[in-house]
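Here the structure comes first, spelled out in structure tokens, and everything after it is commentary.
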Amino acid sequence: MKLHGIFSPLTTPFASDGAVALPKLRENIARYNKTGLAGYAINGSTSESVLLKWEEVYRIWETARDAAAPDRILIAGTGAESTIETIEHTNRAASLGYAAALVRTPSFYKPAMTESALAEHYLRVADAARIPILVYSVPVFTHVTVEAPLIARVSKHPNIVGMKDSSGNVQGVVEIIAAAPKEFQTLVGSASTLYESLEKGAVGAILAVACAFPELCVEIYEASRASKPAKVHSLAQKLIAPAKLFGPQHGIAGLKYALDRIGYYGGAPRSPLLPINESARNEIDAMLASVMEARPSFN
């Protein structure tokens with residue numbers, strides 16, 4: 001299982017009545033199929049996963065599978081609070097033909113989520129899963145951080161093939177890579193640290209920014225792989241503003257607005273998330289104009 005490259009964590013389109021708009025998802029994927037993305041992650045944090053019913057998630061997985069080009073790797077976000085439910089969702093994704101599962105850390109009982117508890121969770125999931133597992137660390141939402149000692153414990157399992165680290169901590173990524181076997185694949189989820197992480201040994205990324213700027217992200221990855229650090233650094237500067245606007249400032253609502261502006265379907269986020277206000281829209285419009293002017297091929 002080779003998970004090198006840039007993956008887009010697809011947003012979930014909603015219709016005006018709040019229902020999942022599966023035709024819009026198909027349209028978005030048809031456009032992404034024309035890019036250099038390695039594949040798609042479905043039902044991660046960018047997908048508003050915690051706001052979806054699992055029956056909706058299953059339909060989304062089916063739609064994405066049918067719409068994705070045959071050469072795209074499909075990763076399903078299958079994490080739940082309990083180990084038994086995580087196994088159930090992971091094997092449902094396996095039955096639908098997904099290549100790997102992205103398993104977030106349980107977090108509701110945070111004080112109990114010790115290294116030993118997390119290790120047992122991931123090892124039990126990996127034992128039972130019919131597809132390979134990626135550990136998913138996204139502390140901005142879960143407040144649980146996966147660190148090198150945990151990866152040292154679980155990465156030797158043959159069915160735990162890598163992780164997505166969305167901590168934004170490059171030193172932590174370095175320590176994780178050093179602690180894991182050579183074949184363990186570390187992908188990052190922070191666009192602001194993409195350049196440094198690739199230079200330190202990350203094999204790719206699953207980036208919300210890649211929903212709006214897939215080719216720019218792919219170009220950064222390809223330049224890194226070709227050992228062109230000056231080009232990687234220069235291109236990565238273009239991700240700084242989008243990373244802030246689609247991350248801590250305006251989040252998923254801001255990303256969805258940007259998608260609407262550049263020809264994808266974004267739509268509104270699901271309640272209780274709110275659409276962005278006029279000031280935020282103007283800020284994102286200015287950023288898009290700047291990036292599009294520099295990269296006219298994105299139009």
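Can you tell me what share of the DSSP beta bridges in the stretch 6-106 is antiparallel? A percent to the nearest 5 is fine.
On the way: 1 of 11 bridges.
Percent antiparallel among DSSP bridges in the stretch 6-106 is about 10.
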Legend entry - Global form of the chain, assessed from the alpha-carbon gyration tensor, a/c cut-off 1.5: oblate
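Which residues make up the longest stretch of the chain that has no chymotrypsin sites (Phe, Trp or Tyr not before Pro) in a DSSP loop with at most 16 other Cβ atoms within 10 Å? If you can, show how the numbers build up before the last one.
On the way: sites that count: PHE108, TYR109.
My reading of the result: 110-299 is the longest stretch.
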Legend entry - Net dipole in debye of the chain [+1 Lys, Arg Cβ; -1 Asp, Glu Cβ; about Cα centre; nearest 20]: 420
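Just check the stretch 1-89 against the gyration tensor rule for me: Cα atoms, a ≥ b ≥ c as the square roots of the eigenvalues, rounded for a/c under 1.5, and otherwise prolate or oblate depending on whether a/b exceeds b/c. Present the calculation step by step, with values, prior to reporting the outcome.
Details: a/c = 2.04, a/b = 1.14, b/c = 1.80.
The shape class here is oblate.
Roughly what % of DSSP beta bridges within the chain run antiparallel, to the nearest 5? Mind dumping the intermediate values first?
Numbers: 1 of 29 bridges.
Just about 5 percent of them are antiparallel.
Please report the equivalent ellipsoid semi-axes of the stretch 115-265, computed as sqrt(5 x eigenvalue) of the Cα gyration tensor, largest first, in whole Å. Could you put the intermediate results ahead of the total?
Numbers: eigenvalues 156, 68, 37 Å².
Whole-Å semi-axes of the equivalent ellipsoid: 28, 18, 14.
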Inset, instruction - Rounded to the nearest Å, what's the spacing between the alpha carbon centres of the stretch 238-267 and the stretch 83-140? Just the number, please. - result: 28
Inset, instruction - Using Cα positions and a limit of under 17 Å, work out the aspartates and glutamates in reach of LYS34, with same-chain residues fewer than 8 apart set aside. - result: ASP66, ASP71, GLU215, GLU219, GLU222
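Rounded to the nearest percent, how much of the accessible area of the stretch 1-141 (1.4 Å probe, protein heavy atoms only) is carbon and sulfur? Don't jump to the answer; show the numbers that get you there.
Numbers: 3160 of 5830 Å².
With neighbouring chains kept in place, the figure for the stretch 1-141 is 54 percent.
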Legend entry - Reachable lysines from LYS53, criterion Cα separation under 19 angstrom, eight or more residues apart if same chain: LYS24
Inset, instruction - Positive end of the charge dipole of the chain (Lys, Arg +1 and Asp, Glu -1 on Cβ, about the Cα centre): tell me which of TRP61, HIS143, SER47 has its Cα farthest that way. - result: TRP61
Inset, instruction - Can you bin the stretch 58-184 into rounded, prolate or oblate? Criterion: square roots of the alpha carbon gyration tensor eigenvalues sorted a ≥ b ≥ c, rounded for a/c under 1.5, prolate for a/b above b/c, oblate for the rest. - result: prolate
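What FRET efficiency comes out for the pair LYS182/SER271, r = Cβ-Cβ distance, R0 = 45 Å, nearest 0.05? Don't skip to the answer; put the middle values down first.
On the way: r = 45 Å, r/R0 = 1.01.
So the FRET efficiency works out to roughly 0.50.
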Inset, instruction - Obtain the nm distance between the two label points defined at GLU278 and GLU27 by a simple spin-label model: each point lies 7 Å from its Cα along the Cα-to-C-beta direction. - result: 2.7
Legend entry - MRE, 222 nm, helices only [DSSP H, n ≥ 4, -39500 (n - 2.57), over the chain, to nearest 500]: -13500 deg cm²/dmol
Legend entry - VAL188 long-range amide H proximity, modeled H, under 5 Å: ASP165, GLY204, ALA205, ILE206
Inset, instruction - Return the distance in nm (one decimal) between the two label points of a simple spin-label model at ASP71 and GLU222, each offset 7 Å from Cα along Cα→Cβ. - result: 1.1
Legend entry - Computed lengthening from MET292 to HIS4, 0.36 nm per intervening residue step minus Cα-Cα distance: 101.0 nm
Inset, instruction - Report Rg (one decimal) and Dmax (nearest whole number) for the stretch 178-224, counting Cα atoms only, units Å. - result: 10.9, 33
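Given Cα pairs under 8 Å that are at least 6 residues apart, what percent is the relative contact order of the stretch 155-231? Write down the numbers at each step before the final one.
Working: 96 pairs, mean separation 19.9, N = 77.
Value for the stretch 155-231: 26 percent.
Provide the gained length on full extension for the span ILE84 to VAL144, in nm with one decimal, where the gain is 0.36 nm per separating residue minus the Cα-Cα distance. Present the calculation step by step, with values, prior to reporting the outcome.
Working: separation 60, 0.36 × 60 = 21.60 nm, distance 1.97 nm.
Once the chain is fully extended between ILE84 and VAL144, it gains 19.6 nm.
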Legend entry - Reach of LYS156 by Cα under 16 Å, taken over lysines that are not fewer than 8 positions away in the same chain: LYS182
Inset, instruction - Taking only protein heavy atoms into account and a 1.4 Å probe, give the accessible area per residue of the stretch 225-264 in Å². - result: 49
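The values are calculated or read from the model by the stated rules, or taken from the named source; none is laboratory data. Keep in mind the model is a prediction, meaning the values are calculated, not measured. Note that we place each Cβ from the backbone using ideal geometry, even for glycine, and neighbour counts take in every protein chain shown. Remember, those area values only see protein heavy atoms, side chains included, never the ligands or the DNA or RNA. Shrake-Rupley method; radii C 1.70, N 1.55, O 1.52, S 1.80 Å.
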